[in-house]
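Structure, as structure tokens:
The values are calculated or read from the model by the stated rules, or taken from the named source; none is laboratory data. None of the values given here were measured: they were computed from a predicted structure. Quick reminder, even Gly has a Cβ in these numbers, built from the backbone with ideal geometry, and neighbours come from all protein chains shown. Just the protein is used for accessible areas: all its heavy atoms, side chains included, with ligands, DNA and RNA removed. Shrake-Rupley method; radii C 1.70, N 1.55, O 1.52, S 1.80 Å.
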Amino acid sequence: MTGDEEGYSAKDARERAHATRQRLVEQGAAADDVELRRYQDPWPVAGTRAERRARRRVLAWWTLGGVGGLALAGIFLFWPWRYVAPGQDGHLAYVLYTPMLGLAFGVAVLGFTVGMVLYTRRFLPAEVAVQQRHDLEGKGSDAFDKETLTATVSGATERAGLRRRSVFARVAGASVAALGSGVGVAVLGGFVKDPWQEDRPGAPDPPDTLWHTGWRSRDGEKVYLRIDTGDPGDVVLARPGSVAAGGMAAVFPFRESERGHPELLAEALHRADDPATLFRLRPEVTLEDRPDRRAMGHGDYYAYSRICTHLGCPVSLFEDQASRLLCPCHQSQFDLRDFGRPVFGPAVRALPQLPIDLDDDGYFFATGDFSDPVGPGFWELKP
């Protein structure tokens, strides 16, 4: 058999398969009371100039989506993300970190979505069908229904050009894979990016964990209670008289080695587990008999974590007459007369207490880290 004869034979086989599949599609439609009013191949003549233009547009959008997905993963992994104070080198890159993540994600989703819309409109068969609904009374499809469904799907695939235009499937798959990798890296970033990296400048030794906060002393340096004034560069240390009886003040850790370093001063204010509240109870307030906890305060002054042990909201509402703290998110209440024990709401753990004392110069300082891990429970924290 000559090459031409083999070519005609293959062509005839494809035409016969197409005719058989088309007949099954029509029979399946008729059996289901479906009237095919229109079932047209969008490109009956393959390889036209218009088809190539449409294909390039679809591929361009899917390629753009793939680039956006890879950019999302790259930005998450390699873009500078640690806080840099205004005026310092690298502050602009830090400010752009989140917008760049959003831009890359938007480009990835936009590219894939627009490409899919264009592909659907320009390459899927134009079909208009009307079907009468049937109740099969719980019975499964018979062999004829399965054959006609297979033929319908296969025919749609053939008409859409997925076999003839395999580059569509490859580029679409690559775009979806890139988008999925970017989203996956962002979701699983906590397992990829180490927030407790030991080799970064100023990293504590041993490295931070969920068990420690910025109140832990480093190399024996004293950690003072710094009152938050709203100015990251303003250093106001707490001392007796800074808080009126029945009042409170938000405090953050401060070390003398940080004075004059805006980035270190700002970092203490931005660290999530650092916020604490210094309370001055009224003299008539009677505390529970717990000598271990009473010794962690100084006179009428006591300090507690500002982070709710339920879901991490800021515990910032103080009812002076009842000596209770209220979390505004889910209404958990903590009794300061019993050293932060929860008495209402979903919280089940007491607020971690910060041990404080007064130095020779009359300033409050932390004698250690919080009594318990800060914030909501986690897998290693015993109830």
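For region 234-333, state which trypsin sites (Lys or Arg not before Pro) are in a DSSP loop and have at most 11 other beta carbons lying within 10 Å of their beta carbon.
Sites meeting the loop and neighbour criteria: R259.
The packing ranking, built from the mean of other Cβ atoms within 10 Å per residue, places the peptides 223-234, 87-98 in the order 223-234, 87-98, highest first. Surface calculation, 1.4 Å probe, protein heavy atoms: F334 sits at approximately 0 Å² accessible. Rg and Dmax, both from the Cα atoms of region 235-377 and both in Å, are 14.8, 43. Accessible surface for C327 stands near 0 Å², nearest 10, in the context of the full protein assembly shown (1.4 Å probe). Residue by residue, region 307-314 carries 3J(HN,Hα) couplings of 9, 5, 7, 7, 10, x, 6, x Hz when phi is fed to the Karplus relation 6.51 cos²θ - 1.76 cosθ + 1.60 (θ = phi - 60°); x denotes Gly or Pro. Of all accessible surface on region 284-376 at a 1.4 Å probe, what whole percent is carbon and sulfur? The C+S portion of the solvent-accessible surface of region 284-376 is 48 percent. Report note on the peptides 51-57, 119-125: ranked by the mean count of other C-beta atoms within 10 Å, highest first, their order is 119-125, 51-57. Loop-located GluC sites (Glu not before Pro) in region 215-309 (DSSP state other than H, G, I, E, B) with a sparse environment of at most 13 neighbouring Cβ atoms within 10 Å: E221, E284, E288. For region 307-383, the Cα gyration tensor yields ellipsoid semi-axes of 23, 17, 10 Å (square root of five times each eigenvalue, largest first, whole Å). Averaging 1/r over every pair of different alpha carbons in region 232-297 and inverting the result gives a Kirkwood radius of 14.0 Å. Under a 5 Å amide H cut-off, with hydrogens placed 1.01 Å from N, F254 pairs with Y224, R226 among residues at least 5 apart or on other chains. Using a probe of 1.4 angstrom and keeping all protein chains present, the accessible surface of region 206-260 works out to 46 square angstrom per residue. Database remark: amide H of A303 closer than 5 angstrom to the amide H of F279, L354 (H placed geometrically; neighbours at sequence offset of 5 or more, or on other chains; Pro and chain starts carry no H). Summarising the amide proton neighbourhood of V315: residues at separation of 5 or more, or on other chains, whose placed amide H is nearer than 5 Å comprise I307, C308. Karplus-based coupling profile of region 248-254, in residue order and whole Hz: 8, 8, 6, 10, 9, x, 9, with θ = phi - 60° in 6.51 cos²θ - 1.76 cosθ + 1.60 and x standing for Gly or Pro.
Just need the relative contact order of region 233-312 here, percent rounded to a whole number, with Cα pairs under 8 Å and 6+ apart. Walk me through the intermediate numbers first.
Numbers: 82 pairs, mean separation 25.0, N = 80.
After rounding, I find 31 percent.
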